[in-house]
Structure formats: C-alpha cells, structure tokens
1. Of all residues in the stretch 69-94 being exposed (fewer than 13 other Cβ atoms within 10 Å of the Cβ) and under 17 Å from ALA50 (Cα atoms), which is modelled with the lowest pLDDT?
2. Which ones in the stretch 45-68 are exposed (fewer than 10 other Cβ atoms within 10 Å of the Cβ) and at pLDDT 90 or above?
Amino acid sequence: MGRGTSTARWPSYPAGGGRVRRGGYASRRDAVAARDAVLGRGDEQSTADAWTLARWLRYWLTTRTGIRPTTLRSYTEHVERHLIPTLGGSGWPS
C-alpha cells in the first residue's frame, strides 16, 4: 500500500475462499464506500450497523489480555457502573 492511500477489507469470501482485499483508495471514506458497495449496503444499513459506545466498550474489555484478573474486573466495573450509564449507549458522533 502506497503512501496516502487506504485499503478496504471485508469478509466476502470468493469461490476459492479467503478474504477479499482491495487497495489504492484515495481516502478512508472512499475505501469504506467501496466496501459497502461490494457488500450491497447503502448508507442506511451502514448507519444501522454502527457500533454504540456501550458495544465498543464491552468489546474493548474482551481485548484486554496480559492483565491481572483483578484489573479486568475493575475495568469491567468502571465500564458497566460509570462509563455506560454516564455516557450512554448511543452511537458514535459522525
């Protein structure tokens, strides 16, 4: 991938298997638009699939590896008791 270009990846499996990868898009927006076109998704579907803050925080917790169980428990408590109720589970601002 050259400098100043973006690459789009999507889980579209061709007949031979494997992921499809295309590169050379001028911007991330162009790469996302190309991915959505291949997947047959319009703007409404892309918006409906957007992650909420609550979903992203819970996902983030699952990616914490190499930390003590007590630290993970503390992070989980903070996310569930403070961050999600305070910040809400709404989608990311555009």
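1. Top of the filtered list is SER94.
2. Passing the criteria: THR62, THR63, GLY66, ARG68.
The values are calculated or read from the model by the stated rules, or taken from the named source; none is laboratory data. Since the model is a prediction, treat every value here as computed from it, not as a measurement. Reconstructed Cβ throughout: ideal geometry from the backbone, glycine too, with neighbour counts over all protein chains shown.
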